[in-house]
1. Of (1) in contact with a His (Cβ under 8 Å, 6 or more places away or on another chain); (2) within 17 Å of Ala293 (Cβ to Cβ), Asp21 satisfies all except one. Which?
2. All but one of (1) part of a loop (DSSP other than H, G, I, E, B); (2) closer than 26 Å to Met171 by Cβ hold for Ile38, so report the exception by its number.
3. Applying the selection to segment 260-300, what residues are within 30 Å of Asp21 (Cβ to Cβ), more than 19 Å from the chain's Cα centre (by Cα) and of a type in the set (S, T, N, Q)?
4. For Tyr183, only one of the following conditions fails: (1) of a type in the set (Ser, Thr, Tyr); (2) crowded, with 24+ Cβ neighbours inside 10 Å; (3) part of a loop (DSSP other than H, G, I, E, B). What is its number?
5. Could you tell me whether any residue of segment 242-264 is within 16 Å of ligand 2 (Cβ to nearest atom), crowded, with 18+ Cβ neighbours inside 10 Å, of a type in the set (D, E, K, R) and farther than 26 Å from Glu147 by Cβ?
6. What residue, of Ala178, Ala152, Ala161, Ala167, is within 16 Å of ligand 1 (Cβ to nearest atom) and farther than 12 Å from Lys197 by Cα?
7. Within the set of pairs 6 or more residues apart or between chains, which connect a residue that is over 12 Å from Val242 (Cα atoms) inside segment 267-280 to a residue that is among the charged types (D, E, K, R) and in a helix (DSSP H, G or I) with Cβ atoms less than 7 Å apart?
8. With the structure loaded, tell me whether Pro49 is at pLDDT 95 or above and away from ligand 1 (no atom under 16 Å from the Cβ) or whether it fails that test.
Amino acid sequence: MKRDCLRLWDLTREEIEGIIDRAIKLKAGEDSQKCPLIGKSVGLLFEKPSTRTRMSFEVGVYQLGGQAVYMTPSEIQLGRGESIADTARVLSRYFHAMVIRTFEHERIEEFARYADIPVINGLSDLHHPCQALADLMTMKEKKGKIEGLKVAFIGDGNNVANSLIEAAGRMGFSLNIACPEGYEPDADVLEDVREGKGEIIILRDAKEAAGRADVIYTDVWVSMGQEVEKEKKRRKFQPYQVNSALVGCAKKDVIVMHCLPAHRGEEITDEVIDGPNSVVFDQAENRLHTQKALLELLLA
Ligand code: CP
Ligand code: NVA
């Protein structure tokens, strides 16, 4: 039976722990000669731009001995009206897995329903599970543990926040989310993780959320596809900037995380992202290692 990873919740805690441990080993150079994807091809169908996800999957598949093929809707018949279902059926005949970046989460669910190969979500409007895997690896690397950490997400209750919530539910860290009214994370995601482990609290006050935190995390205020709301969101999110005053509310050894790309001067200041607490570039690197471990789990 094929396994998809459309949201972090699709993985068990044991599988997530296995991916993190494996990624740490891959990062250390262990098994660098092993090519579990030899003779296998992975398709990357991206409906939105990407630096990290695209490049880390392309490089990661190559390092595992396989072939990655990048495509956008306008380069295949999907952009001319071929259905998602038919595209999924056909691509399943060529590829061993697909990574999809899209808008409505239902589009990737539909693709996965008609594909008989593993489908990995490379970001939808609702979830970003590959990001969450790298986030967890980074927490483990920097803090030595995940369970019991106090994490504060400051900003938009978007795809990245939703996947962080699922990470908290599986791994048992406490998560304070500070966001303006009307920009809370997805209600269904919050409902689903209720059976999980971590305590999740939604607050309005960023300083309260960041108080004594081990990790402060933020993301852009305007996600891809939301550009029409740009001015309104910039006004509403002003009190949610991750700056030195906010970092000062957290523990002294707090790590500051951001999925990137960052809009410097908006959700995070230069001083913080370039400062001693920032781990954002290690976090970006870890996308490569965790995705290789995920591919091994789903494909090898
Ligand atoms: N964090 C992340 O997914 O970055 P990209 O949009 O560059 O892939
Ligand atoms: N929330 C952002 C994440 C980018 C990696 C977006 O969807 O644009």
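The values are calculated or read from the model by the stated rules, or taken from the named source; none is laboratory data. Here the structure is a predicted model, which means the values were calculated and not measured. Note that we place each Cβ from the backbone using ideal geometry, even for glycine, and neighbour counts take in every protein chain shown.
1. (1)
2. The number of the failed condition is (2).
3. Asn277
4. (2)
5. no
6. None of the others qualify; the one that does is Ala161.
7. That search, which allows pairs on different chains as well, returns Val279/Lys142.
8. No.
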